[in-house]
Amino acid sequence: MTTPVISVRDVHKTYGRGSGRFDALKGVSLDIADGESVAVIGKSGSGKSTLMHLMALMDEPSAGTIALEGQDTATLKGSALNRIRNKTFGFVFQQFFLTPNQTVLENVVLPLKIAGVGAAERRRRGMAALEQLDLADKAKNKAVNLSGGQKQRTVIARALVNDPRIIFADEPTGNLDSATGAVVEDILLALNREHGITLVVVTHDEDLAAKCHRRVHIKDGLIERVAA
């Protein structure tokens with residue numbers, strides 16, 4: 001059997017202590033296969049975003065293990081952790097996290113800049129990502145002047161620029177009207193389908209969830225059920 005790209009084993013996450021203690025995750029186990037699309041769904045406070053942050057190595061579990069292609073991620077520290085995160089993952093968030101006064105292209109190539117890629121190669125790869133999302137004509141525009149849908153497509157271009165194995169999308173359609181949200185949905189699912197990028201989506205959007213290979217329902221910090 002092939003090694004899952006992400007393997008979560010009996011993961012707990014606790015915030016605070018004493019009377020302020022909050023158990024966000026209470027023993028979650030989940031395997032995600034390479035090239036799969038998985039929707040994580042649940043109400044606010046269910047633990048779904050916490051689970052995504054742990055899988056994306058943006059936080060550490062209080063107990064349990066998270067393995068990336070069989071490697072226990074607890075062994076990754078400092079620059080090794082940052083390198084893996086920057087090279088392996090792409091991120092799409094509900095809040096766009098774009099620098100408003102920088103151009104679209106400057107925003108898109110930021111992960112490459114962090115990775116130390118030279119200016120000419122950054123531009124080439126940045127423009128290729130923008131072409132893929134029909135945004136090449138907006139490369140020189142300031143991010144502040146984009147519509148919501150254009151901002152989210154810029155974010156997806158930035159997520160793609162490093163040729164990631166896995167894209168984590170946290171409520172990617174949350175700030176968009178339904179028509180624009182449907183376009184963003186189609187883009188993410190096409191990246192999964194046509195390019196084999198593993199897609200992990202945290203969403204309230206039942207339509208988006210229904211289009212993924214599996215739906216993981218979380219309630220009160222536990223996986224309630226997994227549906228194909």
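Values in this text are rule-based calculations from the coordinates and carry no lab data. Since we're looking at a predicted model, the values are computed, not measured. Backbone-built Cβ (ideal geometry, glycine too); neighbour counts: all protein chains shown.
What's the angle, to the nearest 10 degrees (0 to 90), between helix 178-195's Cα axis and the longest principal axis of the chain? Roughly 80 degrees, rounded to the nearest 10. In this Cβ point-charge picture (+1 for Lys and Arg, -1 for Asp and Glu), the chain has a dipole of about 680 debye about its Cα centre.
The value of relative contact order for the chain, using C-alpha pairs under 8 Å at least six residues apart, is 29 percent.
Treating only the Cβ of Lys, Arg, Asp and Glu as charged (+1, +1, -1, -1), what charge dipole size does region 31-119 show about its Cα centre? Round to the nearest 20 debye. It would help to have the intermediate numbers written out before the result.
Values: 7 positive and 8 negative charges, 60 e Å.
Using only the charged Cβ atoms, the result is roughly 280 debye.
Derived scalar couplings between HN and Hα for region 40-55 equal 9, 10, x, 6, 4, x, 6, x, 5, 5, 4, 4, 4, 4, 6, 5 Hz in order, rounded to whole Hz, by the Karplus curve 6.51 cos²θ - 1.76 cosθ + 1.60 (θ = phi - 60°), x for Gly and Pro. Multiplying the residue separation of GLU194 and LEU76 by 0.36 nm and removing their Cα-Cα distance gives an extension gain of 39.4 nm.
Here the label points at ASP134 and ALA63, each 7 Å from Cα along the C-beta direction, are separated by 5.0 nm in the simple model. Of the residues SER147, PHE22, VAL108, the one whose Cα sits farthest towards the positive end of the charge dipole of the chain is VAL108 (charges of +1 on Lys and Arg Cβ, -1 on Asp and Glu Cβ, taken about the Cα centre).
Once backbone amide H atoms are built at 1.01 Å from N, VAL92 has PHE168, ALA169, ASP170 as its partners under 5 Å, excluding neighbours fewer than 5 places away on the same chain.
Around the amide H of SER37, modelled in the peptide plane, lie the amide H atoms of LEU199, HIS213, ARG214, all under 5 Å away and 5 or more residues distant in sequence or on another chain. Our coupling estimate for region 69-83, obtained by passing each phi through the Karplus curve with A = 6.51, B = -1.76, C = 1.60 and θ = phi - 60°, is 6, x, 9, 5, 6, 5, 7, 8, 9, x, 5, 5, 5, 4, 5 Hz, Gly and Pro reported as x. Take the Cα of HIS213, go 7 Å toward its beta carbon, and the backbone nitrogen atoms of region 1-28 under 11 Å from that spot belong to 4-6. When the chain is modelled as a GNM with alpha-carbon springs shorter than 10 Å, which of LYS211, LYS151, LYS140 fluctuates the most? Of LYS211, LYS151, LYS140, the most mobile in the Gaussian network model is LYS140. Phi angles of region 59-65 translate, via the Karplus equation with coefficients 6.51, -1.76, 1.60 and θ = phi - 60°, into HN-Hα couplings of 7, 10, x, 6, 7, x, 10 Hz per residue; Gly and Pro are given as x. Compared with the alpha-carbon gap, the fully stretched path from THR99 to PHE22 is longer by 24.4 nm at 0.36 nm per residue.
With R₀ fixed at 22 Å, the C-beta to C-beta distance from ASN145 to LYS113 puts the FRET efficiency at about 0.50.
Placing a label point 7 Å from the Cα of ARG9 along the Cα-to-Cβ direction, the residues of region 15-58 whose backbone N falls under 13 Å of that point are 29-31. Could you run the Debye sum over the Cα atoms of region 6-227, one equal point scatterer each and no solvent, and tell me log10 of I(q)/I(0) at q = 0.14 Å⁻¹, two decimals? These q points yield log10 I(q)/I(0) values of -0.88.
Taking 0.36 nm per residue of separation and subtracting the current Cα-Cα distance, fully stretching the chain between ILE84 and ASP163 would add 27.2 nm.
Straight-distance candidates among the lysines for linking to LYS151, with alpha-carbon spacing under 27 Å and chain neighbours fewer than 8 residues away dropped: LYS43, LYS48, LYS87, LYS113, LYS138, LYS140, LYS142, LYS211.
Answer with one residue from HIS12, ASN162, ALA227: the one whose Cα lies farthest towards the positive end of the charge dipole of the chain, charges on Cβ with Lys, Arg +1 and Asp, Glu -1. It is ASN162.
If you take every DSSP beta bridge whose two residues both sit in the chain, what share of them, in percent to the nearest 5, is antiparallel? Counting only bridges with both partners in the chain, antiparallel ones make up about 55 percent.
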